[in-house]
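Structure first, commentary second.
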Amino acid sequence: MALQVAGGAGCCGCLSLLGPRRRAAAFLPPRAVASDGAAVEDGNKTVLGGSGVAVTKLGIGAWSWGDTTYWNDFQWDDRKLKAAKGAFDASIDSGITFFDTAEVYGAGVSGAINSESLLGRFIKERQQKEEVEVAIATKFAALPWRFGRGSVLSALKSSLSRLGVSSVESYQLHWPGIWGNEGYLDGLADAYEQGLVKSVGVSNYSEKRLRDAYKLLKKRGVPLASNQVNYSLIYRNPEENGVKAACDELGITLIAYSPIAQGALTGKYTPANPPSGPRGRIYTSDFLSKLQPLINKIKEIGGSYDKTPTQVVLNWLICQGNVVPIPGAKNAEQASEFAGALGWSLTEQEVEELRSLAREVKPVMGFPVEKL
């Protein structure tokens, strides 16, 4: 996931949590039931690219956990901590066991409380009650002062310490570096060969960068499992810039961040009630006015399935094939609702009807490095 700012977007050592080792990602959880009665079946998993790593077909983004720069009204307190813990537990209870985080989410690499630390804490607390299976994806920040493959391994080991685990299911380059990208990719391959990660991926990579990364890793005998990009019903740039087609061609899973457009597609916000904070500068009253015909159609289609707008737009992404959406959950209610996007499917006609209406909405600008 990447941080969006007005007119554009960007990406925003902590507690060392030493918890028990987790079970393999391919373990299937017991059948769970979402709050709306939607069942998450045992087989509701997919494999990340050619890695063999199985994750739930929908994951949870942990960008907001601990964050005080974009989410949470610029503050983090015990109430929000309990809400995030509730989101984690509700996800597990609903059968969603794939979580995406990053070293720069939350308070960042230098803060005492960041997203990785919180996720590690939640896993440890849950495992004290029962044995659970969790698949973790985290990310390396390609900061200008980081050079070479060694910087990737060093950052990864710090992330593993914060998470309290010996390895993660997926380690991704958060965005292309200004320089040194071949070294970063070699670092991913080194981590894979050392057993510190079960799969490797990239994020915010253009088609050309994606193909180059695929070739370099292939020479090392390492499959490129995923490319995490901004993708939603109203931000379909991956379909237009060749990224989606390249992912499908090369067998690389597309992980979709901001799949509900930071709440704009949920129906919660209206021209008279736009989101607060930085999102209000992106999803303005004028933008939301133009979005209303699409929102109305989403609600109409959802009504025929007894589904919410959120569940409809997440299902729309899943219907594209080879896509794993990772909506951000700030509380238990949101996490439980997300699970209701699984176990059913829009018709082809409904998928295209929504796409046609979405074309009438001018998308907000994405993360600038997508065009590098």
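Could you work out how far the C-alpha centroid of the stretch 316-339 sits from that of the stretch 166-241, in angstrom?
What the calculation gives is 22 Å, centre to centre.
Among the listed pairs 215/330; 139/307; 57/299; 139/244; 85/208; 45/297, give every one whose C-alpha distance is greater than 27 Å.
Table pairs above 27 Å Cα-Cα are 215/330; 139/307; 85/208; 45/297.
Identify all aspartates and glutamates with a Cα-Cα distance to residue 80 below 20 Å; exclude those on the same chain that are fewer than 8 residues away in sequence.
Result set, ordered by chain and number: 67, 89, 93, 100, 103, 116, 125, 333, 337.
In the stretch 123-215, which trypsin sites (Lys or Arg not before Pro) fall in coil by DSSP and have 15 or fewer other Cβ atoms within 10 Å?
Within the stretch 123-215, the qualifying trypsin sites (Lys or Arg not before Pro) (loop, at most 15 other Cβ atoms within 10 Å) are 129.
Taken together, the values in this text are just the output of simple stated rules run on the coordinates, not laboratory data. Owing to the predicted nature of the structure, the values given are computational and were not obtained by experimental measurement. Quick reminder, even Gly has a Cβ in these numbers, built from the backbone with ideal geometry, and neighbours come from all protein chains shown.
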